[in-house]
Amino acid sequence: AKAVDEMKIRLREKIEEVSRERDYLQTILKGMLEGVLVVDERGRILMVNDALQKILSLSSEVVDKAPLEAIRNAELEEAIRRAIQEGKNSAFELTFPLSGGKTLEVNVVGISPSPEEISKEGEKIKGAIAVFHDISRLKELEKIRQDFVANVSHELRTPLTTIKGYTETLLDGALKEEVAPQFLQVIQKHADRLTKIVEDLLALSKIESKEFYLKWEPISLSELIDDVSDFVKEAAQ
């Protein structure tokens, strides 16, 4: 009877310890911004956390389904299969058009057995975990940066080409012609435009700082229109 009572106490302590660990794990998974998918050795879903349900708009009834049924992505299904059957971890990017075009960085790793399980059954993978990082915002910012660089390159190339062309014309003998002052005015105008572009780039870097404040001041609308008209006149013609 004493031995049974001691066993009951130890069993109760073990159950309480497992319950505490489960509660800790659930709290951690709920607090994570990354999505988590856990499958068993059969490749069936054991659990998805709240973040993954929100990212991919999954229903709560995905437990015991194959990942392909719930998420419908063959590359993810294959990565999970390799992790379970071959013990190969993998990292890749996935795009989900049906979830708003989100791009996710996925890391899939196999769940290794405990030392006790290895001694009994041999080293057999017990399942896999897939962690999903939503990098849609990073991809969007990368696209914005690429577009920005392309636009700036175009804006710089136009005045530089004009300055180079007019300068070469002057050096080829037009310096003594009547059009020379006009050419120099064009060169000066485009040099001023380059200066404005550089100032805009510096202003953009200031805007990104936390100390930036907008300074409101009046401008001449007619001068602004004239400036833009002069700039696009050649292309319009």
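The values are calculated or read from the model by the stated rules, or taken from the named source; none is laboratory data. Model, not experiment: these values are computed from the prediction. Quick reminder, even Gly has a Cβ in these numbers, built from the backbone with ideal geometry, and neighbours come from all protein chains shown. All accessible areas refer to the heavy atoms of the entire protein, side chains included, with ligands and DNA or RNA removed. Shrake-Rupley method; radii C 1.70, N 1.55, O 1.52, S 1.80 Å.
When the residues of the stretch 107-145 are narrowed to those that are within 18 Å of the chain's Cα centre (by Cα) and charged (D, E, K, R), which ends up modelled with the lowest pLDDT?
It comes out as ARG145.
Being outside any helix (DSSP H, G or I) and β-branched (Val, Ile, Thr) is the filter here; which residues of the stretch 175-193 pass it?
Applying the first criterion (outside any helix (DSSP H, G or I)) to the stretch 175-193 yields 177-179.
Correct list: VAL179 only.
Could you tell me which residue of the stretch 194-237 is modelled with the highest pLDDT, considering only residues that are open to solvent by less than 90 Å² (accessible area, probe 1.4 Å) and either among the aromatic types (Phe, Trp, Tyr) or in a loop (DSSP other than H, G, I, E, B) (or both)?
That would be SER220.
From the residues in the stretch 93-106 that are touching a strand residue (DSSP E or B) at 6+ places or on another chain (Cβ under 6 Å) and of a type outside the set (Asp, Glu), which one is modelled with the lowest pLDDT?
Filtering the stretch 93-106 down to residues touching a strand residue (DSSP E or B) at 6+ places or on another chain (Cβ under 6 Å) leaves 93-96, 102-106.
Okay, now just the ones that are also of a type outside the set (Asp, Glu), so 94-96, 102-104, 106.
On the way: LEU94: 90, THR95: 88, PHE96: 83, LYS102: 87, THR103: 90, LEU104: 92, VAL106: 93.
Once the filter is applied, the top-ranked residue is PHE96.
Within the set of pairs 6 or more residues apart or between chains, which connect a residue that is without any contact (Cβ under 8 Å) to a residue 60 or more places away in the chain and farther than 15 Å from GLY127 by Cβ inside the stretch 82-106 to a residue that is of a type in the set (Phe, Trp, Tyr) and crowded, with 16+ Cβ neighbours inside 10 Å with Cβ atoms less than 7 Å apart?
Here the result reads LYS102/PHE96; VAL106/PHE132, each pair linking the stretch 82-106 to a residue that is of a type in the set (Phe, Trp, Tyr) and crowded, with 16+ Cβ neighbours inside 10 Å.
Identify, please: which residue in the stretch 147-169 is among the β-branched types (Val, Ile, Thr) and within 27 Å of the chain's Cα centre (by Cα) and is, among those, surrounded by the most Cβ atoms within 10 Å (Cβ to Cβ)?
Within the stretch 147-169, the first condition is being among the β-branched types (Val, Ile, Thr), and the residues that meet it are 149, 152, 158, 161-163, 167, 169.
Filter again for within 27 Å of the chain's Cα centre (by Cα), leaving 149, 152.
On the way: VAL149: 10, VAL152: 14.
So, considering only residues that are among the β-branched types (Val, Ile, Thr) and within 27 Å of the chain's Cα centre (by Cα), the one surrounded by the most Cβ atoms within 10 Å (Cβ to Cβ) is VAL152.
Go through the stretch 28-58 residue by residue and tally those that are of a type in the set (S, T, N, Q) and either under 23 Å from LYS126 (Cα atoms) or not in a helix (DSSP H, G or I) (or both). Working first, answer last.
Initial filter on the stretch 28-58 (of a type in the set (S, T, N, Q)): 49, 53, 57.
Narrowing the set further to residues that are either under 23 Å from LYS126 (Cα atoms) or not in a helix (DSSP H, G or I) (or both) leaves 49, 57.
Count: 2.
Can you tell me how many residues in the stretch 27-60 are of a type in the set (Gly, Ala, Ser) and buried (at least 17 other Cβ atoms within 10 Å of the Cβ)?
3
Using beta carbons and a limit of 7 Å, which pairs, at least six apart or on different chains, have the first residue in the stretch 197-213 and without any contact (Cβ under 8 Å) to a residue 24 or more places away in the chain and the second one open to solvent by 90 Å² or more (accessible area, probe 1.4 Å)?
If the second residue must be open to solvent by 90 Å² or more (accessible area, probe 1.4 Å), the pairs left are PHE212/LYS206.
Restricting the search to the stretch 61-76, which residues are open to solvent by 30 Å² or more (accessible area, probe 1.4 Å), within 26 Å of the chain's Cα centre (by Cα) and of a type in the set (A, V, I, L, M)?
Those that are open to solvent by 30 Å² or more (accessible area, probe 1.4 Å), within 26 Å of the chain's Cα centre (by Cα) and of a type in the set (A, V, I, L, M): LEU68, ALA74.
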